[in-house]
Amino acid sequence: MKKYLVIGNPIEHSLSPKLHNHWIKENNINAIYEKRKLDEVDIKNIISDIKNEKIEGINVTLPFKKSVIPFLDELTIPAKETQSVNTIFKKNNKVFGDNTDIGGFERALKYINYSVKNKKVFILGAGGVVPSIIIALKRLGVDQIILSNRTKDKTEYLKKIYPDLKIIDWGETPNFHMIINATSMGLKKDDEIKLNYNDIGPKNFFYDIIYNPSQTNFLLKAKRLGSQIENGKMMFIFQAQLAFKIWHNILPKVNDNLLD
Ligand code: ATR
């Protein structure tokens, strides 16, 4: 039986095993997908388990998407571009790191028929997932990306890699069509993002990468403004779908109820 894993810390609440095991069963594949909480020092060994085929594939979640990189033989182009790996596999005797977060975000927007073409998108946050979002938005033909983060150093770093980003101070509210919460603010029920909601018109689209809780305060306030809202559930499902395709060469079926 082939074995797959998601690694991270914390990992208790990961829904990846539920999703992958559902698709494994649906497609009659002889495999199992488990979760494992790791520490930084365990990464080397777990990746050698891929090399010696004890494990067939690994999904990587926070906080290891970057720290796995030194232990891999090769990165795919999207993984290299983002310096972020969420899917590991072995091919031609080499261990590869890939990134399906970019594709996951792209597919999530296409799924709801939202086009960013020629639009201004405002991203809050500059953490690990942001390079994937930037690349997806560029692929989709965005007009301008505006970025703001509490700690400005991190936005300056991203600006070096993507010079056409517009950086603004934390707390400022620019004009935009779509706003994305890519911070961890909202994971706790009482988290409030510093944002001037009164200056934002109702025609904007509010997107939160967080999907648990399903409606953060950010999305609840936007809903009250009459704005379109969307959480990160479908992005999560689509990144998993693309990882499944890499490992099993089958694109599994996706619907809204997979995590219910
Ligand atoms: P990492 O930065 O290690 O990749 P992450 O979970 O991917 O971690 O990113 C966390 C994001 O949420 C960061 O943009 C972080 O801002 P800082 O760079 O200033 O830390 C943001 N964030 C977390 N707590 C926040 C808070 N209380 N207010 C504003 N932003 C916050």
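The values are calculated or read from the model by the stated rules, or taken from the named source; none is laboratory data. Keep in mind the model is a prediction, meaning the values are calculated, not measured. Using ideal geometry, Cβ is built from the backbone for each residue, glycine included, and neighbour counts are taken over all protein chains shown. SASA here: full protein model, heavy atoms, side chains in, ligands and nucleic acids out. Shrake-Rupley method; radii C 1.70, N 1.55, O 1.52, S 1.80 Å.
In the set Glu172, Glu192, which member is within 11 Å of the ligand (Cβ to nearest atom) and either part of a loop (DSSP other than H, G, I, E, B) or within 23 Å of Gly141 (Cα to Cα) (or both)?
Testing whether each residue is within 11 Å of the ligand (Cβ to nearest atom) and either part of a loop (DSSP other than H, G, I, E, B) or within 23 Å of Gly141 (Cα to Cα) (or both) leaves just Glu192.
Could you list, in sequence order, all residues of segment 77-96 that are over 21 Å from Ile237 (Cβ atoms) and of a type outside the set (Phe, Trp, Tyr)?
Listed by number, the residues that qualify are Ile77, Lys80, Glu81, Gln83, Lys90, Lys91, Asn92, Asn93, Lys94, Val95.
Would you confirm whether any residue within segment 110-125 is farther than 24 Å from Leu242 by Cβ, among the hydroxyl-bearing types (Ser, Thr, Tyr) and free of Cβ contacts under 8 Å to residues at least 40 places away in the same chain?
no
Quickly run through segment 215-258 and pick out the residues that are at pLDDT below 95, under 21 Å from Asp101 (Cα atoms) and surrounded by fewer than 15 Cβ atoms within 10 Å (Cβ to Cβ).
Asn255, Asp256, Asn257
Quick check on segment 153-164. Is at least one of its residues surrounded by 15 or more Cβ atoms within 10 Å (Cβ to Cβ), of a type in the set (Val, Ile, Thr) and under 25 Å from Val60 (Cβ atoms)?
The answer is yes, given that some residue of segment 153-164 is surrounded by 15 or more Cβ atoms within 10 Å (Cβ to Cβ), of a type in the set (Val, Ile, Thr) and under 25 Å from Val60 (Cβ atoms).
Of the conditions (1) small (Gly, Ala, Ser); (2) open to solvent by 60 Å² or more (accessible area, probe 1.4 Å); (3) touching a Phe, Trp or Tyr at 6+ places or on another chain (Cβ under 7 Å), Gly104 satisfies every one except a single condition; which number is it?
Against the list (1) small (Gly, Ala, Ser); (2) open to solvent by 60 Å² or more (accessible area, probe 1.4 Å); (3) touching a Phe, Trp or Tyr at 6+ places or on another chain (Cβ under 7 Å), Gly104 comes up short only on (2).
Of all the residues that make up segment 167-214, how many are surrounded by 15 or more Cβ atoms within 10 Å (Cβ to Cβ), of a type outside the set (D, E, K, R) and within 25 Å of Met234 (Cβ to Cβ)?
21
What are the residues in segment 116-152 that are more than 24 Å from Thr100 (Cβ to Cβ) and open to solvent by 80 Å² or more (accessible area, probe 1.4 Å), if any?
Asn118, Asp143, Arg150, Lys152
Where in segment 61-129 are there strands (runs of 3 or more DSSP E), lying fully within it, with 1 or more residues that are within 16 Å of the ligand (Cβ to nearest atom)?
120-124
Among all residue pairs at least 6 apart or on different chains, which show Cβ distances below 6 Å where the first residue, located in segment 149-166, is within 20 Å of Lys194 (Cβ to Cβ) and at pLDDT 95 or above and the second is near the ligand (Cβ under 10 Å from one of its atoms) and open to solvent by 60 Å² or more (accessible area, probe 1.4 Å)?
Arg150/Trp170
Report, by residue number, each residue of segment 142-169 that is within 13 Å of the ligand (Cβ to nearest atom), out of contact with any helix residue (DSSP H, G or I) (no Cβ under 6 Å at 6 or more places or on another chain) and not hydroxyl-bearing (Ser, Thr, Tyr).
Selection gives Arg150, Lys152, Asp153, Lys154, Glu156, Leu158, Asp169.
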